[in-house]
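Below is one structure; the comments refer to it alone.
The values are calculated or read from the model by the stated rules, or taken from the named source; none is laboratory data. Bear in mind that the values here come from a model prediction, so they are computed numbers and not experimental data. Please note: Cβ atoms are built from the backbone with ideal geometry, for glycine as well, and neighbour counts cover all protein chains shown. For accessibility, only protein heavy atoms count, side chains too; no ligands or nucleic acids. Shrake-Rupley method; radii C 1.70, N 1.55, O 1.52, S 1.80 Å.
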Amino acid sequence: MRRLYDWMLRMAEHPNALWVLAVIAFAEASVFPIPPDVLMIPMIIARPRRAWLIASIAMVASVSGGLLGYAIGALAFDSLGEPILTAMGKADSMAQFNEAFVDAGFWAVLGAGITPFPFKVITIMAGWTGMPLATFIITAVIARGIRFYLVATLLWYFGAPIRAFIEKRLGLVFTVFFIVLIGAFFLIRFI
């Protein structure tokens, strides 16, 4: 994994870095283990004026890759989806997760799209459980947009000093944000 991570950092300076980012964001949403943030961060630090272009490419590619994950879940769960989830250690909880996912599909996709939870798990499960495709796409765009544009904005505004913070605590920041978002939703709904 470390060699793969180091390779991604080297690719951030490659002339075709935007294409590499698109491929990695696409693959991460369905099968790849490392999030595109690893490539986005050095790319934005190197060229802050391209922060929103970089975030846009990551978002579009990630949502497109999410559609592949959705298709794997909907059309090839037994042959592809289940082995991917088994390799990630998620096989034991699939039935329980299926029931919970059907009840909270929108929130599951939103949460996984923002937080460091493996997005590929949710994209495959969304297809497997039959989540409406339109709901999946809209939620994935919102979630991945929040995640990638927030990273781009922080890096654009604060520059290199924020890199260490993002790399070490990004998961915590997104998790807290998601908890606050859900809390606000329930507060508005029940008041």
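Please go through the stretch 115-130 and pick out each residue that is of a type in the set (A, V, I, L, M) and surrounded by fewer than 24 Cβ atoms within 10 Å (Cβ to Cβ). Scanning the stretch 115-130 gives a single hit, Val121. Against the numbered list (1) surrounded by fewer than 17 Cβ atoms within 10 Å (Cβ to Cβ); (2) at pLDDT 90 or above, Arg47 comes up short only at (2). With in contact with a Ser or Thr (Cβ under 7 Å, 6 or more places away or on another chain) and not charged (D, E, K, R) as the only criterion, which of Ile41, Ile54, Ile72 stands out? Going through Ile41, Ile54, Ile72 in turn, just one is in contact with a Ser or Thr (Cβ under 7 Å, 6 or more places away or on another chain) and not charged (D, E, K, R): Ile72.
Of the candidates Gly73, Gly105, Gly89, the single residue that is modelled with pLDDT of 80 or more and either under 19 Å from Thr123 (Cα atoms) or open to solvent by less than 20 Å² (accessible area, probe 1.4 Å) (or both) is Gly73.
Scanning the stretch 53-67 for residues that are open to solvent by 30 Å² or more (accessible area, probe 1.4 Å) and of a type outside the set (S, T, N, Q) turns up Leu53, Ile57, Met59, Val60, Leu67.
Contact map, the stretch 12-28: first residue free of Cβ contacts under 8 Å to residues at least 12 places away in the same chain, second residue open to solvent by 10 Å² or more (accessible area, probe 1.4 Å), Cβ cut-off under 8 Å, separation 6 or more or different chains; pairs are His14/Val20.
The set of residues in the stretch 26-36 that are touching a Phe, Trp or Tyr at 6+ places or on another chain (Cβ under 8 Å) and part of a helix (DSSP H, G or I) contains only Glu28. Cβ-Cβ contacts under 9 Å between residues 6 or more apart (or on different chains), taken from a first residue in the stretch 71-90 that is aromatic (Phe, Trp, Tyr) to a second residue that is at pLDDT 80 or above, are listed as Phe77/Ile124; Phe77/Gly127; Phe77/Trp128.
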